[in-house]
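Single-structure report; data block below.
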Amino acid sequence: MSVTFSRAERVDAMQSSSTMAATQAAARLRAAGHDVVDLGAGEPDFTTPENIREAAKRALDSGKTKYTPAAGTAELKNAIIGYIERETGTKYEPSQVIVSAGGKQVLFNGITTLINPADEVIIPAPYWVTFPEIVTFCGGKSVFVDTESNGFQLTAKMVADAVTPKTKLIIVNSPSNPSGRIMAPEEFRAVAELVAERGLWMISDECYYRFTYPPYQPLSAASLPAELRERVLISGSFSKTYAMTGWRIGYALAHRDWVTEMSKVQSHSTSNPTSFAQWGAVEAAQGDQSSIDGMLAEYQKRRDWLIPALNEIPGVSCAMPEGAFYAFPSIKGVLAKASVKTDSEFSDLLLNEAHVVVTPGSAFGMPGYLRISYANSLEAIQRGVDRMRQVIEKVTR
Ligand SMILES: Cc1ncc(COP(=O)(O)O)c(C=O)c1O
């Protein structure tokens, strides 16, 4: 007898994560013995720095293996507060901080505690895939603001034009996954002013905050004046900054009532993030920060090779990313001439014929583009681009 599962309506429109699907496709090909070049994963190829690993080992050995407060330990909250104060000069209170299982859980808690059915959420496109999925889960409506004509640079005017009486939240992500763009500081502030004026709320996803390339400077909502900060939830993560993706530690800094509601949800879902991972994160926030400079220098070296190489391929054009570790080239010039007509078809072809994993731009609400992660060795990136060039030559011949 076969049973049909009757899923809840709230997950009807939810899609599986396309970036995770790309990673799984790469794993399948690798298991089948193929030499796969993975430029799909949004995951640092570095090992978590030793001081952080040692701190977690010490925590394990000293029995820090029990439940902690659901919203995170006092020690980690204080370490995060100290880190943000050193970075931005702003001191948050422990009641304004929650530690969660990665930035993803922060965003899930943050959006589910704010959005009612039919509320509108403004999301600049291209966007990180998870934002609209959580909004959909809440029964909310994502209102996308297309930034392509402005080189993926969001302006307050674009946001103002999208506001309706139903708007409740705007989500910004700078540096952006996938475009690598950093918001202009004056536009960032103008968006926060608009949010305050209209009584809206804002989520600033700052998980790539430390990965900005000179001359660009890290930009955080924590540096905004207090009256603007009040309506902004900062979503931070240890995943990318300290190469700690598997540890699952992220945090929010927000209005204390928002944090209270998020803590309530978390206390009935996952409870605390893993106890000894939190102790590793204490060391990450308080200890030697020089590993970040080393990783950033390496990303920059790869970026500086990758972008000119992409621009040399006929039909491909790519702006220089200002932060994060993604290139976001347009392949519209290729698709216009090729036997494949969409970015998804092209990505599939690249995967199946050349065993190179990239993510189609349409997954980020921007068809005609590809997201290429350079969180992989320069040698792998060079092999990947070489194979991509060959596939493009073949399909446009
Ligand atoms: C823009 C953005 N926000 C949040 C996250 C979540 O990261 P984590 O849950 O590992 O902290 C990611 C991960 O790819 C991301 O790219």
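The values are calculated or read from the model by the stated rules, or taken from the named source; none is laboratory data. Owing to the predicted nature of the structure, the values given are computational and were not obtained by experimental measurement. Here the Cβ positions follow ideal geometry from the backbone for every residue, glycine too, while neighbour counts run over all protein chains shown. Areas reflect the complete protein model, heavy atoms only, side chains present, ligands, DNA and RNA absent. Shrake-Rupley method; radii C 1.70, N 1.55, O 1.52, S 1.80 Å.
Some notes on this structure:
- Measuring r between the beta carbons of GLU75 and SER339 and using R0 = 51 Å, the FRET efficiency lands at 0.30.
- Beta bridges from DSSP with both residues in the chain: antiparallel share about 45 percent, rounded to the nearest 5.
- Mean Cα-pair separation over length for the range 1-134, i.e. relative contact order, pairs under 8 Å, 6 or more apart, %: 19 percent
- For the range 66-286, the tally of Lys pairs with Cα-Cα distances below 15 Å comes to 4, considering only residues 8 or more apart or on different chains.
- 15 Å reach of a label modelled at TYR216, 7 Å along Cα-to-Cβ, counting backbone N of the range 153-178: 153-155, 172-178
- Coupling constants for the range 139-149 follow from the phi torsions by the Karplus curve (6.51 cos²θ - 1.76 cosθ + 1.60, θ = phi - 60°), and in residue order they are x, x, 10, 7, 10, 8, 10, 7, 9, 4, 5 Hz; glycine and proline get x.
- Accessible area expressed per residue, the chain, with surrounding protein chains retained (probe 1.4 Å, Å²): 43 Å²
- Relative contact order for the chain, counting Cα pairs under 8 Å that sit 6 or more residues apart, in percent: 23 percent
- Calculated FRET value between VAL145 and THR47, using beta carbons and R₀ = 41 Å, to 0.05: 0.60
- Within-14-Å neighbourhood charge of THR88 [Cβ basis; K, R +1; D, E -1]: +2
- Net charge contributed by nearby residues that have their C-beta within less than 13 Å of LYS341 (K/R +1, D/E -1): -1
- Restricting the GluC sites (Glu not before Pro) of the range 302-397 to loop positions (DSSP other than H, G, I, E, B) with no more than 15 neighbouring Cβ atoms within 10 Å leaves GLU312.
- Two tests apply to each whole DSSP H helix in the chain, Cα reach of 18 Å or more along its axis and mean Kyte-Doolittle hydropathy of at least 0.0, and the ones passing both are 18-31.
- Virtual spin-label span in nm between GLN24 and THR164, 7 Å along Cα→Cβ: 3.4 nm
- Note on the chain: with neighbouring protein chains present and a 1.4 Å probe, carbon and sulfur make up 51 percent of its accessible heavy-atom surface.
- Inter-label distance, nm, simple model (7 Å from Cα along the C-beta direction), THR4/ALA297: 6.1 nm
- Length added when fully stretched, GLN15-LYS64, from 0.36 nm per residue minus Cα-Cα: 13.9 nm
- Principal axis dimensions, largest first and in whole angstrom, of the chain by Cα: 64, 61, 54
- Working from Cα pairs under 8 Å separated by at least six residues, relative contact order for the range 66-286 is 30 percent.
- Summarising the strand pairing of the range 66-286, around 30 percent of its internal DSSP beta bridges are antiparallel.
- Segments 58-66, 268-276, 211-219, 357-365 sorted - mean Cβ within 10 Å per residue, highest first: 357-365, 268-276, 211-219, 58-66
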